[in-house]
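Enquirer: Have a look at this one.
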Amino acid sequence: MTRMEREEFITWRAPEYEYRKRGPDWFWAVGIVGVGLAVTAVVFGNVLFAVLLVIATSALLLQALKRPRVLEFGIGERGIRIDKTLYPYSTLEAFWIDEGEPSHLLVKSEKLLAPLLVIPLGDTDTPRVRETLLEFVYEEKLREPLLQKILELVGF
């Protein structure tokens, strides 16, 4: 057991995101839309944008094939740990536990590149997580970003 794990009150493992198996129809639809948009960009004389669309569509298709990694999470006296990255309490403004299915811990951060952390709780004891975080961070009702909800609806 490492020093960091000994300082943590709660630890758990969960996949970094919920994996959804996609059928061939999904891949065909994304490919057709991506190529259609690229052809439209070429027709309007914007070849650079067409190339960007083809690259973005390819990246999206490759990402859809990838299985999520199982990450380790921890809540301790110094902050919240996501795998090997520690978010000290001094950089966190508020938290909220979304009891939906699956449940998530939403954490509002002062960091510019990660303003809202969405942490899967897996099979963790959510009341214990809440009690522990209340000692260090203010509780405020937070919502998942709209873009993330749209991506979930589309199947990503």
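Each reported figure results from applying straightforward, stated rules to the coordinates on display, with no laboratory input. From a predicted model like this one, the values you see are computed outputs, not experimental measurements. Cβ sites come from the backbone with ideal geometry, for glycine too, and all protein chains shown count toward neighbours.
Enquirer: Nearest 5 is fine: what % of DSSP beta bridges in the chain come out antiparallel, could you say?
Expert: 95
Enquirer: I've got another one for you. Taking θ = phi - 60°, what integer Hz values does the Karplus form 6.51 cos²θ - 1.76 cosθ + 1.60 yield along region 47-62, in sequence order, with x for Gly and Pro?
Expert: Working through the residues one at a time gives 5, 4, 5, 4, 4, 4, 5, 5, 5, 5, 5, 4, 5, 4, 5, 5 Hz.
Enquirer: A further question follows. Taking K and R as +1 and D and E as -1, what net charge do the other residues with C-beta under 11 Å from the C-beta of Tyr19 add up to?
Expert: Result for the neighbourhood of Tyr19: +4.
Enquirer: Got the relative contact order for region 24-65 handy, in percent, Cα pairs under 8 Å and 6 or more residues apart?
Expert: Relative contact order here is 41 percent.
Enquirer: With labels modelled as points extended 7 Å from the Cα through the Cβ direction, what inter-label distance (nm, one decimal) is found for Glu144 paired with Arg13?
Expert: So the label points at Glu144 and Arg13 sit 2.4 nm apart.
Enquirer: Here's another thing I want to ask about it. By count of other Cβ within 10 Å, fewest leading, how are Ser109, Ser90 ordered?
Expert: Ser90, Ser109
Enquirer: Neighbour counts of other C-beta atoms within 10 Å: give me Glu93, Glu101 arranged from fewest to most. Write down the numbers at each step before the final one.
Expert: Details: Glu93 14, Glu101 6.
By the 10 Å Cβ count, ascending, the order reads Glu101, Glu93.
Enquirer: Next question, about the same structure. As a quick test, which of the pairs Lys108/Lys149; Lys21/Lys66; Lys84/Lys141 have an alpha carbon distance above 20 angstrom in this structure? Show your work: numbers first, answer last.
Expert: Values: Lys108/Lys149 17 Å; Lys21/Lys66 10 Å; Lys84/Lys141 27 Å.
Flagged as over cut-off: Lys84/Lys141.
Enquirer: Let me ask something else about it. How large is the dipole of the chain about the Cα centre if only Lys and Arg carry +1 and Asp and Glu carry -1, each at its Cβ, rounded to the nearest 20 debye? Don't jump to the answer; show the numbers that get you there.
Expert: Details: 19 positive and 22 negative charges, 134 e Å.
Value, rounded to 20: 640 debye.
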